[in-house]
Amino acid sequence: MMKIDLLKDAWARFMEARSFVLACHQRPDGDTLGSALGLAHVLRLAGKDVVVISEDGIPDNYTFLPESDTVVTSTDRRDFDIGVLIDSEGTKRIGSAADAVTSSKVHACVDHHLPSGGFGEIRVVDYHRSSTAEVVYELLEANDVIFDAVAATHLLTGIISDTGGFKFSNTKPRTFEIASKLQAHGADPAMIAREVYESRPIRSMKLLGRALGSLQIDESGRVVWATISKHDLDELGATDADTDSIVNHVTTVKGPKVAILFRESKPGSIRISLRSRDGVDVDRVARAFGGGGHKAAAGCHVEGSLDHAVDVVVNEVLKWME
Ligand SMILES: [Mn+2]
């Protein structure tokens, strides 16, 4: 857990600085975007010069976020006082934004992933939290920072997105407490849930249909998976971003403890998302393939065909379940 002294020290160092670059991770989700925009908004209210970078831009279902039009995909500036990783444990996941962050005078990390490498002199990191947005909230509350409905909307979006609408096992009593305070500050949970979960383009729904049509369960009934081929994506005019929440539908099958989505994002390159229940650790599985994440939600890449990826990853999962 984050100590109050740590939160006070981190904020004091932020307040001494003048300019910030906040970097979102690639294939951004509501947590990295909401946390970055929320922190940026509050820092701007304090008179700071803040740039938010998301190399992959803003997915359609997050363009409702206030001030999302201020996010840039790159910057040539190399003069920032503080460079901050938002919702990622290392510079690998921020792509070309790494140059602006690492050239900053001071490095910081605001995150909730299992630490690997310990980036930054200023670290506001708690891997027991549902979301980076929760971590940002604690940073603000510990320092009595006054914020408004805009920042509250950003942070509640991060929490709703990373908890699957308070359904995932990372939802704790403190998560609800913070959500309650954010709603009291003017954030609208119904509006956020509708924008995040019920605003999908039709191509994305058709893709979900194909993924569900591909569902398979291993002989022991412990692992369920779906596949999406490059052909599926091309035929529907869909992109990798349209596959993002599909794994959460795979997890709704009763019985299996591990659910996996395999998608051929590029020919010969398979992106894999793993979800687990009842304490099965899929972070270890993802790490075996050079990926990672959390105990109950992780991801990795495997080179080769879809069939090959299914074969090696399902076997690796079964190995850890023995
Ligand atoms: Mn997150």
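Data table
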| item | result |
| --- | --- |
| Any hit, segment 90-109, residues being among the acidic types (Asp, Glu) and within 14 Å of the ligand (Cβ to nearest atom) | no |
| Segment 75-108 - residue that is of a type in the set (Ser, Thr, Tyr), part of a loop (DSSP other than H, G, I, E, B) and in contact with an Asp or Glu (Cβ under 7 Å, 6 or more places away or on another chain) and, of those, nearest to ASP31 (Cα to Cα) | SER88 |
| Residue satisfying all of: in segment 177-199; outside any loop (DSSP other than H, G, I, E, B) and acidic (Asp, Glu); surrounded by the most Cβ atoms within 10 Å (Cβ to Cβ) among these | GLU195 |
| Boolean, ILE202 is surrounded by fewer than 16 Cβ atoms within 10 Å (Cβ to Cβ) and within 19 Å of THR239 (Cα to Cα) | yes |
| Of all residues making up segment 9-41, the number that are in a helix (DSSP H, G or I), away from the ligand (no atom under 16 Å from the Cβ), under 15 Å from ILE122 (Cβ atoms) and under 25 Å from the mean Cα position of the chain (by Cα) | 3 |
| Search result, residues across segment 44-60 that are surrounded by fewer than 24 Cβ atoms within 10 Å (Cβ to Cβ), free of Cβ contacts under 8 Å to residues at least 60 places away in the same chain, under 23 Å from ALA149 (Cα atoms) and not aliphatic (A, V, I, L, M) | ARG44, GLY47, LYS48, ASP49 |
| First in segment 17-43 and open to solvent by 10 Å² or more (accessible area, probe 1.4 Å), second anywhere and within 12 Å of the ligand (Cβ to nearest atom), Cβ under 8 Å, 6 or more apart | GLN26/ARG93; ASP29/ASP87; ASP29/SER161; ASP29/ASP162 |
| From SER161, SER68, SER169, residue being over 20 Å from MET15 (Cβ atoms), within 14 Å of the ligand (Cβ to nearest atom) and among the hydroxyl-bearing types (Ser, Thr, Tyr) | SER161 |
| Index of the failed condition, LEU114 passing every other in (1) more than 14 Å from the ligand (Cβ to nearest atom); (2) surrounded by fewer than 18 Cβ atoms within 10 Å (Cβ to Cβ) | (1) |
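The values are calculated or read from the model by the stated rules, or taken from the named source; none is laboratory data. Predicted, not measured: the structure shown is a model, and the values here were computed from it. When we count neighbours, we look across all protein chains shown, and the Cβ atoms used for this are built from the backbone with ideal geometry, even at glycine. Quick note on the areas: whole protein, heavy atoms, side chains included, nothing else; ligands and nucleic acids left out. Shrake-Rupley method; radii C 1.70, N 1.55, O 1.52, S 1.80 Å.
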